[in-house]
Amino acid sequence: MARIRAKLIGVADSSEHLIESLLLLAVSEQGLESTGPVDLAALAAAELAACPQQGLTVVRTLAPLTVPGDRTLLGHLLRNLLTNAVRHNRAGGRIAVSTSAEGELTVSNTGPVIDPADVPGLLEPFRRRAERLHTTGEGAGLGLSIVASIARAHGAELAAEANPAPEGGLTVRVRFPPTGEARTSRPPGLRGPADVRSEE
């Protein structure tokens with residue numbers, strides 16, 4: 001009975017997570033009803049502090065970055081990126097999180113080596129690198145697609161690339177349009193080095 005109870009609780013939790021993820025995806029696809037200035041560097045620091053890091057090395061490069069947007073949705077964007085970076089890492093691995101004053105958020109992790117041809121599919125709903133195992137804590141394959149949807153809602157451009165061996169893993173960049181520029185479906189890419197770096 002205890003095993004059956006634990007199994008039912010696990011199934012219920014998984015279903016609840018899937019429903020919440022689908023609702024979030026639907027909301028972000030509808031665009032933003034209202035926006036305000038969001039301190040993305042501070043939000044990234046807060047989400048990092050709340051994210052279980054499982055003994056991983058975390059490198060922070062958080063330059064001041066404020067963007068117009070929905071704080072709740074941007075919090076989900078960061079949370080999904082960090083959860084993905086932890087879940088698909090390796091023992092003794094690393095996560096690097098940076099924001100730049102030029103408008104770019106970057107989250108990178110070590111992990112399994114990914115075929116570059118597989119990366120675009122990881123941004124699609126219900127797609128994952130490995131087959132579904134139906135284990136506790138397993139994602140629904142919506143994390144990066146939700147990130148892409150929230151980025152689009154903010155007029156930001158998302159780019160993901162596989163990191164080469166031996167470190168492996170994935171680097172995801174979200175480039176926000178310049179402050180005051182109207183949101184578009186394809187904002188120009190922004191580049192620039194972050195100017196604050198700390199390592200823990």
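With respect to PHE126, determine if the residue is at pLDDT 90 or above and among the aromatic types (Phe, Trp, Tyr).
no
Okay, residues lined up against (1) within 20 Å of LEU144 (Cα to Cα); (2) at pLDDT below 95:
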{"residue": "CYS51", "(1), (2)": "yes, yes"}
{"residue": "GLN54", "(1), (2)": "no, yes"}
{"residue": "THR57", "(1), (2)": "no, no"}
{"residue": "LEU62", "(1), (2)": "no, no"}
{"residue": "THR66", "(1), (2)": "no, no"}
{"residue": "ASP70", "(1), (2)": "yes, yes"}
{"residue": "HIS76", "(1), (2)": "yes, yes"}
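So in the range 77-112, with the set limited to residues that are more than 19 Å from THR61 (Cβ to Cβ) and either β-branched (Val, Ile, Thr) or open to solvent by less than 30 Å² (accessible area, probe 1.4 Å) (or both), which one is farthest from the chain's Cα centre (by Cα)?
My answer is GLY111.
If a residue has to be in a loop (DSSP other than H, G, I, E, B), modelled with pLDDT under 50 and open to solvent by less than 80 Å² (accessible area, probe 1.4 Å) to count, how many in the range 143-200 make the cut?
Result for the range 143-200: 9.
So which of ALA85, ALA49, ALA96 is free of Cβ contacts under 8 Å to residues at least 12 places away in the same chain and either among the aromatic types (Phe, Trp, Tyr) or not in a loop (DSSP other than H, G, I, E, B) (or both)?
None of the others qualify; the one that does is ALA49.
Output the residue which, of all residues in the range 34-76 that are open to solvent by less than 30 Å² (accessible area, probe 1.4 Å) and in contact with a Phe, Trp or Tyr (Cβ under 9 Å, 6 or more places away or on another chain), is farthest from ARG152 (Cα to Cα).
Within the range 34-76, the match that is farthest from ARG152 (Cα to Cα) is LEU65.
Please work out if ALA140 is in contact with a helix residue (DSSP H, G or I) (Cβ under 9 Å, 6 or more places away or on another chain), outside any strand (DSSP E or B) and modelled with pLDDT under 50.
yes
For the range 77-88, enumerate the residues that are under 23 Å from ALA153 (Cβ atoms) and of a type in the set (A, V, I, L, M, F, W, C).
Of everything in the range 77-88, those that are under 23 Å from ALA153 (Cβ atoms) and of a type in the set (A, V, I, L, M, F, W, C) turn out to be LEU77, LEU78, LEU81, LEU82, ALA85.
The values are calculated or read from the model by the stated rules, or taken from the named source; none is laboratory data. Values in this document were obtained by computation on a predicted structure and should not be read as measured data. Every residue, glycine as well, gets a Cβ built from its backbone with ideal geometry; the counts of neighbours run over all protein chains shown. The area values use the complete protein model at the heavy-atom level, side chains included, leaving out ligands, DNA and RNA. Shrake-Rupley method; radii C 1.70, N 1.55, O 1.52, S 1.80 Å.
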